[in-house]
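The values are calculated or read from the model by the stated rules, or taken from the named source; none is laboratory data. In this text the structure is predicted, and so the values were computed from the model without any measurement. Every residue, glycine among them, receives a Cβ derived from its backbone with ideal geometry; neighbour counts consider all protein chains shown.
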Number of protein chains: 2
Amino acid sequence: MEHNLKEFFDKALKEVSLDCTVFGFHEGELKVLLLRWKGTDGWSLPGGHILLDESADDAANRILTQRTGLCDIYLQQFYTFGNVNRYVYHPEKELLEQLEVTFGKGFFDGIIFRRVVSIGYYALVEFAQVQPTPDWFTDECRWWSLADVPHLLFDHNEMIERALKALRQHARNHPIGYNLLPEKFTMPELQRLYETILGRPFDRRNFQKLLMSYDILERLDEKRVGAANKSPYLYRFVKEKYDKAKAAGVSFSM
Amino acid sequence: MEHNLKEFFDKALKEVSLDCTVFGFHEGELKVLLLRWKGTDGWSLPGGHILLDESADDAANRILTQRTGLCDIYLQQFYTFGNVNRYVYHPEKELLEQLEVTFGKGFFDGIIFRRVVSIGYYALVEFAQVQPTPDWFTDECRWWSLADVPHLLFDHNEMIERALKALRQHARNHPIGYNLLPEKFTMPELQRLYETILGRPFDRRNFQKLLMSYDILERLDEKRVGAANKSPYLYRFVKEKYDKAKAAGVSFSM
DNA sequence: TTTCAATGCGTAAATTTTACACAAAGAAAA
DNA sequence: TTTTCTTTGTGTAAAATTTACGCATTGAAA
């Protein structure tokens, strides 16, 4: 195993890594995908290194395909973390000891815990489509509600904070939802997504008016049935119009 | 010289570099600082490598202090360029030959023309305060009007494009001018800065109303004299209020 | 059959943004 | 000295956008 790792590193950039904040939306909450390091209770973001013949964007896609089972993931680079001690930092001494028990003392000093600059990406995925899959360092990969995210390894809490900020900034100037919602959804569901990301409530009549004014949604002749209330219409994004609006930019003026 | 370079590289990250688009404002135009490589007519952005005990931000500051003579420069990281061939690419074969004549054949293969990821920063500086200073690779450092920027080495034209986009985005959501204008300036001068950055004209009455509504400007009892017209008032930014507005964000709604 | 929570739909008020004109200053030209 | 020319300082009305808000209907659950 360690041998494989060394082989991999010979084909990869050593001083640069990347980490991804994968956002999903489920039951009215934003979730992020986290990995638990083998034999420890230390969690971190999915990430990895860039191969020598691979662009940073390709590497992020490759890594997330392995973690989620999806391909062509919506990815956005948002910040590069270049502090000196960002990778050396770890909150609890005991955790380092746990890691040393699992991976061997000194193992990380040469390979993981060196000075590394990390490129931060965030990804938007359809929650239900993801198959969370641990990597070689970890034995658990699962969703966490943004509100419940524990103290993470390295500077990964800061990464999530910045990723969320970048996502919010994006949501204020572009349509959002195509990558986070299933194909068909109701207007209240879309509204709840916006409310969750931007962190405040909207008037549902004004919300509907604004979203429809973007001319990116198509109302279907179907309704969502089963709930104890009036059945809401289903909508779907018209991809071409959505892409055009995203490229041109819209201002979410609420 | 080559010896010094190797010594430097032993104390620096080799697979990561950074490049800075330094914006200045002069005679109603945006300018960028460019360097001409020794013995060639190839131009590039100022940049360099990060020392092992130095953060990326510190490195950008150190490098720009050397190029401009300024300290505490306003710097904003905007994108990290991670394509495979970004550093190998060069537009003209003859230029590579020129470089090989000056620096020796094969010299760059091992040190400069390797796979490098580059962190992009833009800087905003007061044009008149800058002392353009070449570095070891270059024998000329000077301002270029944005419109006249030639075909640059590597992917540096793309970097300037992205930097400008990032600056525009910033200008739409934050006050701007403190770092680009001299201490005292007239309202028309400030307006011309906004028009130059955002690339379109504004009504001067509405512009003044909007900028004054930010409550970041103080009108002085002085006027700019000498021009063949009515003497305009001088203004200056009230630093504390400017900083507060920048942190909170304002929307430039014109 | 009744209840209850959520949906669908439209208008009026408030706020923000845009459009626009004329008198005064000051150097340059006559 | 006078005239010319360019640029500045200032306010209001119209248009557009954003916000606030109520009632009838649906459909499962009580």
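Pairing each residue of the stretch B:164-177 that is surrounded by 15 or more Cβ atoms within 10 Å (Cβ to Cβ) with any residue that is charged (D, E, K, R) and at pLDDT 95 or above, provided the two are 6+ apart or on different chains, yields C-beta distances under 7 Å for B:HIS174/B:LYS246; B:PRO175/B:LYS246.
Evaluate the stretch A:238-250: report whether one residue or more is within 15 Å of DNA strand D (Cβ to nearest atom), in contact (Cβ under 8 Å) with a residue 40 or more places away in the chain, assigned to a loop (DSSP other than H, G, I, E, B) and within 14 Å of another protein chain (Cβ to nearest Cβ). Yes: one or more hits. Put simply, of B:PHE154, B:PHE185 the only residue that is within 16 Å of DNA strand D (Cβ to nearest atom) and crowded, with 16+ Cβ neighbours inside 10 Å is B:PHE185.
Screening B:THR186 on (1) among the polar types (S, T, N, Q); (2) touching a residue at least 40 places away in the same chain (Cβ under 8 Å); (3) farther than 27 Å from B:VAL32 by Cβ shows it passes everything except condition (3).
Restricting the stretch B:1-38 to residues that are acidic (Asp, Glu) and surrounded by 14 or more Cβ atoms within 10 Å (Cβ to Cβ), the residue that is farthest from B:TRP143 (Cα to Cα) is B:GLU15.
Looking only at residues of the stretch B:39-58 that are part of a strand (DSSP E or B) and surrounded by 17 or more Cβ atoms within 10 Å (Cβ to Cβ), we find that the one that is nearest to the other protein chains (Cβ to nearest Cβ) is B:ILE50. Of the residues in the stretch A:36-53, at least one is β-branched (Val, Ile, Thr), touching a strand residue (DSSP E or B) at 6+ places or on another chain (Cβ under 6 Å) and assigned by TED's automatic domain parsing to the domain that holds A:LEU124.
Evaluated against (1) within 12 Å of DNA strand D (Cβ to nearest atom); (2) in the same structural domain as B:LEU193 (by TED's automatic domain parsing), B:SER253 falls short on exactly one condition, (2). Taking the criterion of being out of contact with any helix residue (DSSP H, G or I) (no Cβ under 7 Å at 6 or more places or on another chain) and modelled with pLDDT under 95, the residues of the stretch A:73-92 that qualify are A:ASN83, A:VAL84, A:ASN85, A:ARG86, A:TYR87, A:VAL88, A:TYR89, A:PRO91, A:GLU92.
Looking for something more than 14 Å from chain A (Cβ to nearest Cβ), more than 12 Å from the chain's Cα centre (by Cα) and in a strand (DSSP E or B) - is there at least one such residue anywhere in the stretch B:25-33? If you could, list the steps in order and put the result at the bottom.
Within the stretch B:25-33, the first condition is being more than 14 Å from chain A (Cβ to nearest Cβ), and the residues that meet it are B:25-33.
Next cut, more than 12 Å from the chain's Cα centre (by Cα) only: B:26-29.
Now drop any that are not in a strand (DSSP E or B), which leaves B:26, B:29.
The answer is yes; a qualifying residue exists.
Of the residues that sit in the stretch B:197-213 and are of a type outside the set (Lys, Arg) and loosely packed, with under 15 Cβ neighbours inside 10 Å, which one is farthest from DNA strand C (Cβ to nearest atom)? Only one residue tops the list, namely B:GLY199.
Note on the stretch B:59-68: among residues that are in contact with a Ser or Thr (Cβ under 9 Å, 6 or more places away or on another chain) and under 24 Å from B:ASP148 (Cα atoms), the one that is nearest to the other protein chains (Cβ to nearest Cβ) is B:ARG67.
For the stretch A:83-99, state whether one or more residues are among the aromatic types (Phe, Trp, Tyr), buried (at least 17 other Cβ atoms within 10 Å of the Cβ), more than 14 Å from chain B (Cβ to nearest Cβ) and more than 23 Å from B:ARG114 (Cα to Cα). For the stretch A:83-99, residues among the aromatic types (Phe, Trp, Tyr), buried (at least 17 other Cβ atoms within 10 Å of the Cβ), more than 14 Å from chain B (Cβ to nearest Cβ) and more than 23 Å from B:ARG114 (Cα to Cα): absent.
Against the condition at pLDDT 95 or above, within 22 Å of the chain's Cα centre (by Cα) and surrounded by 15 or more Cβ atoms within 10 Å (Cβ to Cβ), how does B:ILE216 come out, does it pass? Considered against the rule, which asks whether it is at pLDDT 95 or above, within 22 Å of the chain's Cα centre (by Cα) and surrounded by 15 or more Cβ atoms within 10 Å (Cβ to Cβ), B:ILE216 comes out as no.
For the stretch B:194-206, the criterion of being within 12 Å of DNA strand D (Cβ to nearest atom), in contact with a strand residue (DSSP E or B) (Cβ under 9 Å, 6 or more places away or on another chain), in contact (Cβ under 8 Å) with a residue 60 or more places away in the chain and not assigned by TED's automatic domain parsing to the domain that holds B:LEU124 is met by no residue. When residues in the stretch A:226-254 are screened for being over 24 Å from the mean Cα position of the chain (by Cα), within 14 Å of DNA strand C (Cβ to nearest atom) and surrounded by fewer than 17 Cβ atoms within 10 Å (Cβ to Cβ), 10 of them pass. In the set (1) in contact with a helix residue (DSSP H, G or I) (Cβ under 8 Å, 6 or more places away or on another chain); (2) away from every other protein chain (no Cβ under 13 Å); (3) touching a residue at least 24 places away in the same chain (Cβ under 8 Å), B:THR102 fails one condition alone, (1).
For the stretch A:162-175, does any single residue satisfy the condition of being closer than 16 Å to A:LEU124 by Cα and not in a helix (DSSP H, G or I)? The answer is yes, given that some residue of the stretch A:162-175 is closer than 16 Å to A:LEU124 by Cα and not in a helix (DSSP H, G or I). Scanning the stretch A:69-82 for residues that are within 14 Å of chain B (Cβ to nearest Cβ) and either under 16 Å from the mean Cα position of the chain (by Cα) or charged (D, E, K, R) (or both) yields a count of 6.
In the stretch A:208-228, the condition of being away from DNA strand D (no atom under 12 Å from the Cβ), within 14 Å of chain B (Cβ to nearest Cβ) and under 24 Å from A:LEU75 (Cβ atoms) is met by no residue. Would you please name the residue that is farthest from the other protein chains (Cβ to nearest Cβ), looking only at residues in the stretch A:11-24 that are in a strand (DSSP E or B) and free of Cβ contacts under 8 Å to residues at least 60 places away in the same chain? It comes out as A:ALA12.
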